[in-house]
Amino acid sequence: MPQEMSRSALTAAFLAALAVGLGACGNDDVFRTDRPILRLTLDEYRIVPQNVVVKPGRMKFVVRNTGRHAAHNLVIQIPEGPGDKPVDLPGGRVETMQPGESGEPIKVTLRPGEYRLVCTIANHDDLGQFGVLKVQE
Ligand SMILES: [Cu+2]
């Protein structure tokens, strides 16, 4: 009987640790900035930070591929364009970067709303290399 109890205590401790681990994993973490510059890193297969909140207006994007294996790019998309399909924000593309490379910084004007960040190379989007950019006062 004591063995049973310690086993369930261990299970509870394990589940608690798992919950903490999942919580720290980051999907709910939001990076907020009031500054007109946003630095993003790309790797296999993420955009970091993944959830960003910024102010409306001119925004400079400085992007670096910190991955080790794959080329990546960054495209800012308007989620619901014609036919509810995402459309690329004009000028909102940082061209393909090899591992270790920084892209040519871009500047775009952001209106209040929600944009999508994505790497459009191969199936990287499906592998999780996307993010959400919220623009709000
Ligand atoms: Cu990619």
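Values quoted throughout were computed directly from the atomic coordinates according to the rules given, and no laboratory measurement underlies them. Note that the structure is a prediction, hence the values are computed from the model and not measured. Glycine also receives a Cβ, built like all others from the backbone with ideal geometry; neighbour counts cover every protein chain displayed.
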Net charge near Pro99, counting Lys/Arg +1 and Asp/Glu -1 over other residues with Cβ under 11 Å of its Cβ? -1
With the Cα gyration tensor of the stretch 29-135 in hand, give its eigenvalues times 5 under a square root as the equivalent ellipsoid semi-axes, listed largest first in whole angstrom. 20, 16, 12
Candidate aspartates and glutamates - alpha carbon under 15 Å from Lys134, same-chain residues fewer than 8 apart omitted: Asp28, Asp29, Asp34, Glu80, Glu114
What is the local net charge at Val62, summed over the other residues whose Cβ is closer than 12 Å to its Cβ (Lys, Arg +1; Asp, Glu -1)? +4
Non-local residues with an amide H under 5 Å from the amide H of Val53, with H modelled 1.01 Å from N and Pro and chain starts lacking one, are Phe31, Arg32, Thr33, Lys134
Taking K and R as +1 and D and E as -1, what net charge do the other residues with C-beta under 14 Å from the C-beta of Lys85 add up to? -3
